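One structure is given below, encoded as structure tokens.
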Ligand code: GLU
Ligand code: ZN
């Protein structure tokens with residue numbers, strides 16, 4: 001099997017990231033799998049190369065290693081999404097050739113007004129299919145005024161998947177309403193497209209990531225189907241929150257690994273606190289454990305069925 005960690009370098013790595021890398025790393029290593037690190041710097045405005053490098057430094061400082069990715073190489077030409085844009089373009093073109101996409105000229109205000117409308121079921125809808133039925137001449141005319149975004153033409157269908165942590169999931173995607181963006185008007189490729197192409201090309205068979213991404217899974221499964229590829233197994237881990245319900249990742253300052261390091265925290269202490277949350281070690285006031293020792297222990301998946309875990313007062 002093959003697992004991966006795919007962080008976005010928009011700031012210094014924080015405990016929320018380490019939580020995910022820990023769970024995915026242990027799962028892969030315990031199955032004697034291959035572990036991949038991929039830097040998801042596809043959002044060229046928000047991502048910074050320096051944050052990517054700092055993130056890799058912090059992973060190394062914590063003791064993580066990987067078999068494929070930045071600094072170690074592998075069969076892919078690059079493990080930075082910003083250097084893989086031509087691959088996304090090729091797939092987008094081929095979907096276009098199969099008439100599975102269409103240009104959307106709607107402006108942000110229009111799309112946002114749809115997104116804020118009450119939504120049905122669990123999925124937040126972002127669109128209403130407005131540009132799906134434009135005629136060729138209408139498209140040509142609008143092309144002269146504006147670079148469109150590209151959406152996938154969704155055929156209504158229901159997706160089931162069994163999330164290893166969160167259990168059975170069922171989502172319905174509806175044609176038109178759920179036509180999602182593959183490339184934005186500003187030329188940026190969408191997360192859903194890039195993540196699926198990369199996971200396919202890198203041969204990933206198990207995805208461990210935050211619960212906040214659970215709702216993106218049906219779109220990604222949709223793309224796996226279109227591309228004729230087998231989807232990975234998913235494990236959506238609970239988010240770490242404080243007692244006010246805020247995600248730890250939003251309070252960057254107090255919980256970056258850089259900060260903890262400056263406060264003389266050692267890797268084994270950081271790993272110990274997180275390991276306790278996953279039931280890997282008994283509760284204690286001063287938990288410490290190394291990655292090697294953690295590899296000998298099994299994760300309590302009961303604890304990971306939650307949507308979030310409160311970690312107030314620890315860090
Ligand atoms: N790059 C995404 C993030 O940092 C994770 C993508 C994924 O694991 O599918 O939130
Ligand atoms: Zn549109």
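Read-outs throughout are calculated quantities, based only on the coordinates presented, and are distinct from any laboratory measurement. Just so it is clear, the structure is predicted and the values come from calculations on it, not from any experiment. FYI the Cβ positions are ideal-geometry reconstructions off the backbone, even for glycines, and counts take in every protein chain you see.
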Once label points are set 7 Å from the Cα along Cα→Cβ at both residue 97 and residue 155, what is their separation, rounded to one decimal in nm? 2.0
Alpha-carbon centroids, the range 63-104 and the range 130-184: separation in whole Å: 20
For 126, 86, which order do you get if you count the other beta carbons within 10 Å of each Cβ and list the fewest first? 86, 126
Assuming a viscosity of 0.890 mPa s and a temperature of 25 °C, what translational diffusion coefficient in µm² per second does Stokes-Einstein assign to the chain, Rh being the Kirkwood radius over Cα pairs? 118
Helix 191-201 against the longest principal axis of the chain: what's the angle in degrees, Cα atoms only, rounded to the nearest 10? 70
Nearest-ten-degree value, helix 267-277 long axis tilted from longest Cα axis of the chain: 70
Fewest-first ranking of 263, 248, 303, using other Cβ atoms within 10 Å as the exposure measure: 263, 303, 248
I need the calculated FRET efficiency for the pair residue 107 and residue 233, taking r as the beta carbon distance and R₀ as 30 Å, to the nearest 0.05. 0.20
With label points set 7 Å from each Cα along the Cα-to-Cβ direction at residue 264 and residue 284, the distance between them in nm comes to 2.0
DSSP bridge pairs, the chain: antiparallel proportion in percent, nearest 5: 55
Using only Cα atoms, find the angle between the long axis of helix 15-30 and the longest principal axis of the chain, and express it within 0 to 90 degrees, rounded to the nearest 10. 80
Run the quick spin-label model on residue 292 and residue 308: label points 7 Å from Cα toward the beta carbon, then report their separation in nm to one decimal. 3.8
